[in-house]
Amino acid sequence: HTNVITDDLVAIWDAANRKGYPGTGEVWTDLVGGHNGTLDNGPTFDSANGGSIVFDGTDDEIVCGNGDFIEGLTEITACCWVFVEDAGSAYPKVISKGHASGFDCGITRGSEVIWCYIASNELSAYIPGFEEWFYFVFRYKSGETNGMQLWINGESKNTATITAAIPSDSSNLFL
């Protein structure tokens, strides 16, 4: 992907880039920051559509170390393609460090809602539905009017204004 802007990125995990994930193994290489992830509890690789990591919805995760590189940030953007297969009762995470008291984004499957937290401040929006891909972007800039933003498929879905930094936390960063 030669058109991907990498200026000021602290991490990028791209399953479609064979330098990031060759299609086998337990290491997902961070292409810019050296914050490699370890596939834990059996996530698999699907080569369709360029490549994606498939989680079983039970206990699969990618552990990216302690994630201290995001601690103290007052500005962050996280984005990814998401596909949720069914409306089970679990709360699958998209990215998480410190749960709701830190930096946390996930899906409430029973109600088709995606949510993100920064230091216990929540922002949520409805997803298009299950069994279809959607592109999720969460942007946060502390203190900026409507600086907490949630976008789905290029459309702004919710905003808020808060002032907070991502707190320090001893937990790992999970994808």
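The values are calculated or read from the model by the stated rules, or taken from the named source; none is laboratory data. If you're wondering where the values come from, they're calculated on a predicted model, not measured in any experiment. Positions of Cβ are generated from backbone atoms using ideal geometry, with glycine treated the same way; all protein chains shown enter the neighbour counts. What goes into the accessible areas is simple: the full protein's heavy atoms, side chains included, and nothing from ligands, DNA or RNA. Shrake-Rupley method; radii C 1.70, N 1.55, O 1.52, S 1.80 Å.
What the table below lists for this structure:
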read-out	value
Selected residue (only one of Tyr140, Tyr117 is crowded, with 16+ Cβ neighbours inside 10 Å, in contact with a His (Cβ under 9 Å, 6 or more places away or on another chain) and over 17 Å from Ile12 (Cβ atoms))	Tyr117
Unmet criterion (only one of (1) in a strand (DSSP E or B); (2) closer than 21 Å to Asp56 by Cα) for Ile76	(2)
Residue satisfying all of: in region 46-65; in a strand (DSSP E or B) and touching a residue at least 24 places away in the same chain (Cβ under 8 Å); least open to solvent (accessible area, probe 1.4 Å) among these	Ile62
Within region 127-146, tally of residues that are free of Cβ contacts under 8 Å to residues at least 24 places away in the same chain and under 19 Å from Phe103 (Cβ atoms)	2
Test result for Glu26, surrounded by 14 or more Cβ atoms within 10 Å (Cβ to Cβ) and of a type in the set (Asp, Glu)	no
Residue in region 135-147 that is touching a strand residue (DSSP E or B) at 6+ places or on another chain (Cβ under 9 Å), in a strand (DSSP E or B) and polar (S, T, N, Q) present	no
Those residues of region 25-50 which are over 14 Å from Ile12 (Cβ atoms) and of a type outside the set (A, V, I, L, M, F, W, C), in sequence order	Gly25, Glu26, Thr38, Asp40, Asn41, Gly42, Pro43, Thr44, Asp46, Ser47, Asn49, Gly50
Single match in Gly33, Gly20, Gly65 (criterion: small (Gly, Ala, Ser) and at positive phi)	Gly65
Count of residues meeting criterion [in contact (Cβ under 8 Å) with a residue 24 or more places away in the chain, surrounded by fewer than 18 Cβ atoms within 10 Å (Cβ to Cβ) and part of a strand (DSSP E or B)] in region 152-175	3
Per-region count, region 3-45, residues free of Cβ contacts under 8 Å to residues at least 60 places away in the same chain and either more than 22 Å from Val137 (Cβ to Cβ) or of a type in the set (Gly, Ala, Ser) (or both)	24
Residue list for region 102-127, filter: modelled with pLDDT under 85, in a strand (DSSP E or B) and not β-branched (Val, Ile, Thr)	Gly106
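Here's the yes/no breakdown for (1) small (Gly, Ala, Ser); (2) under 14 Å from Phe174 (Cα atoms); (3) touching a helix residue (DSSP H, G or I) at 6+ places or on another chain (Cβ under 7 Å):
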| residue | (1), (2), (3) |
| --- | --- |
| Gly51 | yes, no, no |
| Asp59 | no, yes, no |
| Ile62 | no, yes, no |
| Gly72 | yes, no, no |
| Trp81 | no, no, no |
| Thr108 | no, no, no |
